[in-house]
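Throughout, read-outs are computed from the coordinates displayed, never taken from laboratory work. These numbers come from a predicted model, not from an experiment. When we count neighbours, we look across all protein chains shown, and the Cβ atoms used for this are built from the backbone with ideal geometry, even at glycine.
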C-alpha cells in the first residue's frame, strides 16, 4: 500500500521540490489529486484554481499544479530508520563465494568479481554496530519515535548528511523544523552538509 503525503508535506518529483497544499477530488475528474505549490514557480501552471473553483492557494502566483498521488517518481520522504535500513540492510544471497558486481561509478562499464559479499552484507545489516553512515539523498523527511534511533543504533554513528534533509526541509516551516529537531535530538553526531543539485 502506498503511503499518501499529508497537507504541508514536502515532496519531490524529478528535480522539482514542492509542498502539498491540497489532497482530494477535483471537479470533472475521477480519483484523488495532490495540489502542489512548487518551490520553483516555473514548474507551476496555476495558483490552485481549476475552472471556477479554488482548491488551494500559493504564496507565489502560478506556482501550483495537480499531481496524482500515484504518479511515477513522486517522493514524499521516509523516516531516518527506514532510510538507514533501506540503504544498509540487504538480504543475504547465499550464493557462491564469488559474485559479479557492476561498479556504480562506471555507469555499467566495469564489472568485477567480488569475494564473500554476504559477509559484508551481514556486517552492514548490524545497525547497532555501524559507526559511520551516509544517508545522502535518501529522502529523510519524517522523525522516528523518540528514542528509537538510539535503541537501534546505540553506538551513535557519525552521520554525514547532504541533500536529504535539505531537500525536504527548505521552505515548509511547521513540519520541517519538528522533523529536523526530532532527528537531531536522536543522533548526537549528526553532520548536515551543503547540497547542490547536479543540474
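Per-structure values
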read-out: Residue order, fewest to most surrounding Cβ atoms within 10 angstrom, among 125, 105, 12; value: 105, 125, 12
read-out: Per-residue Cβ neighbour rank within 10 angstrom, fewest leading, 26, 115; value: 115, 26
read-out: For the stretch 10-75: rounded, prolate or oblate by the Cα gyration tensor [a/c cutoff 1.5]; value: oblate
